[in-house]
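Every number here is computed from the coordinates shown, using simple stated rules; none is lab data. All values derive from a computational prediction rather than experimental measurement. Heads up, the Cβs are rebuilt from the backbone with ideal geometry, glycines too, and the neighbour counts pull from every protein chain shown.
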Amino acid sequence: MAALSRTRHAIAIASAMSLALGATACSSDSEEASSENCGAYEQYQGHDGTTVTIYASIRDVEADLLEQSWEEFSKCTGITIAYEGSGEFEAQLQVRVDGGNPPDIAFIPQPGLLTRFAEAGKLKPASAETKAMAEKNYPADWLKYSTVNGTFYGAPLGSNVKSFVWYSPKMFQEKGWKVPETWDELLALSDQIADSGIKPWCVGIESGDATGWPATDWIEDLMLRTQGPEVYDQWTTHGIPFNDPRVAEAFDQAGRILKNPKYVNGGFGDVKTIASTSFQEAGLPILEGKCALHRQASFYANQWPEGTKVGEDGDVYAFYFPPIDPSKGKPVLGGGEFVVAFSDRPEVQAVQTYLASAEHANSRAKLGNWVSANKGLDLNNVANPIDKLSVQILQDPNTTFRFDGSDLMPAAVGTGTFWKGLVDWVNGKDTKATLDFIENSWPR
């Protein structure tokens, strides 16, 4: 999910206030606007008094920061951006589109869902300006995820790196534990922690209508680590069946932790509490010493309580999810949202282009808790050490990056049976039956 982007269940509806200030107002009519750098928005002028609606899964604090990030753009162009975030975004977007009431713009974190809307003729192709901005600021590997049958529909927005394990540096120092560099070392550390009387892992996969998605990330990371990126690509495109033995191997590796009562579920209960524990709350027992490890993406930095220090010498930090087979390299799993439009009004195209720009990426990054693959993002604007590490990984041309697998699959599978199947699997269903269930749901 991605950007991040999959956080609290409560629906946060936040509409930016219309300030209706054009370029002239920026220069003379308003003392507040006179301090704004409206010259940076010249190419977006001419739409004063218009409104663009945006719908996404980004909520709560992240939504507030997102709205702040385009505040100056809105003041200087006169375009009001009315934003709404929902915990039921994936399901409700389809309802709105089918009902003839789509938003102007949506931030879609699943390329599979994006493809479905595009093939149904619901999305508007990106303008030439948006396409040029996206090609300037993003690697071609990212843009292919929002290109359907040769037509480009929108640039990425926020991104996240999912191959992280969160922990407490203070706890590790006090206990004499070392950050593992291999899968075998990770399992040995888990045994060591369990032997000390602490359940090493805390896990939660509850997320409203999207319950199950955090468990799919485990499988995807382990597909990359057991089979490598080429087989991973075959798996996400159904080049190999979902119930292939190689997929079963990844499930079995994940099960060594997720279905191990010795390892989980620290701070919450037994293995079955994984399915009922919200992913937002799942890592918090680390702060209370009730668990030591929590595998979750870079965006989990937003979930720690206010005042929690994130860093190598802080209350919490994260290490790279270790490789299993060194010959497979160090692949990185990630995700993000894509800015697509259901309307092609000029003001909608202007907002879509701006959101693909380095100016917006840096505006959002300066507010904190932000990761993007935008090549124009200045690392100096990224304060959070996990975010900085994530951006470095994403901007590194040598990174073996793969997009979240469930988000690449057809929506019926990726955001349907894969999510549901993982819930059933965690709750005791065997691997073969789970894989057969998902395989049989793949669109023929």
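So if each residue of separation counts as 0.36 nm, and I subtract the Cα-Cα distance between Tyr320 and Val61, what length gain in nm does that give?
Values: separation 259, 0.36 × 259 = 93.24 nm, distance 2.57 nm.
Roughly 90.7 nm would be gained on extension.
On the beta carbon distance between Ser196 and Glu306, with R0 = 45 Å, the FRET formula returns roughly 0.90.
In terms of the mean number of neighbouring beta-carbon atoms within 10 Å, the peptides 366-376, 280-290, 229-239 order highest first as 366-376, 280-290, 229-239.
Would you mind pulling out the separation of the Cα centroids of the range 373-418 and the range 171-247, in Å? One Cα centre to the other: 17 Å.
When a/c is below 1.5 the answer is rounded, else prolate if a/b is larger than b/c, else oblate, so apply that to the range 36-154 with a ≥ b ≥ c taken from the square roots of the Cα gyration tensor eigenvalues. Walk me through the numbers on the way to the answer.
Details: a/c = 1.70, a/b = 1.23, b/c = 1.39.
Oblate.
Scattering from the range 218-287 was approximated by placing one identical point on each alpha carbon and applying the Debye formula without solvent; log10 I(q)/I(0) at 0.15, 0.17, 0.18, 0.24 1/Å stands at -0.60, -0.71, -0.76, -0.96. Of all DSSP-defined beta bridges confined to the chain, some 60% are antiparallel rather than parallel.
Quick check: from the Cα gyration tensor, does the range 145-264 come out rounded (a/c under 1.5), prolate or oblate?
Working: a/c = 2.22, a/b = 1.74, b/c = 1.27.
Note, shape of the range 145-264 comes out prolate.
In this label model, His238 and Lys366 are separated by 4.7 nm, measuring between points 7 Å along each Cα→Cβ vector. Between rounded, prolate and oblate, where does the range 260-340 land on the alpha carbon gyration tensor, with a ≥ b ≥ c its root eigenvalues, rounded for a/c under 1.5, else prolate if a/b exceeds b/c? Rounded is the answer for the range 260-340, as its axis ratio a/c remains below 1.5. Highest mean first, the peptides 294-301, 358-365 sorted by other C-beta atoms within 10 Å per residue fall in the order 294-301, 358-365.
Calculate, in nm to one decimal, what Lys290 and Trp442 gain on full extension: separation in residues at 0.36 nm each, minus their alpha carbon distance. Each step should come with its number before you reach the end.
Numbers: separation 152, 0.36 × 152 = 54.72 nm, distance 3.96 nm.
Between Lys290 and Trp442, full extension yields 50.8 nm more.
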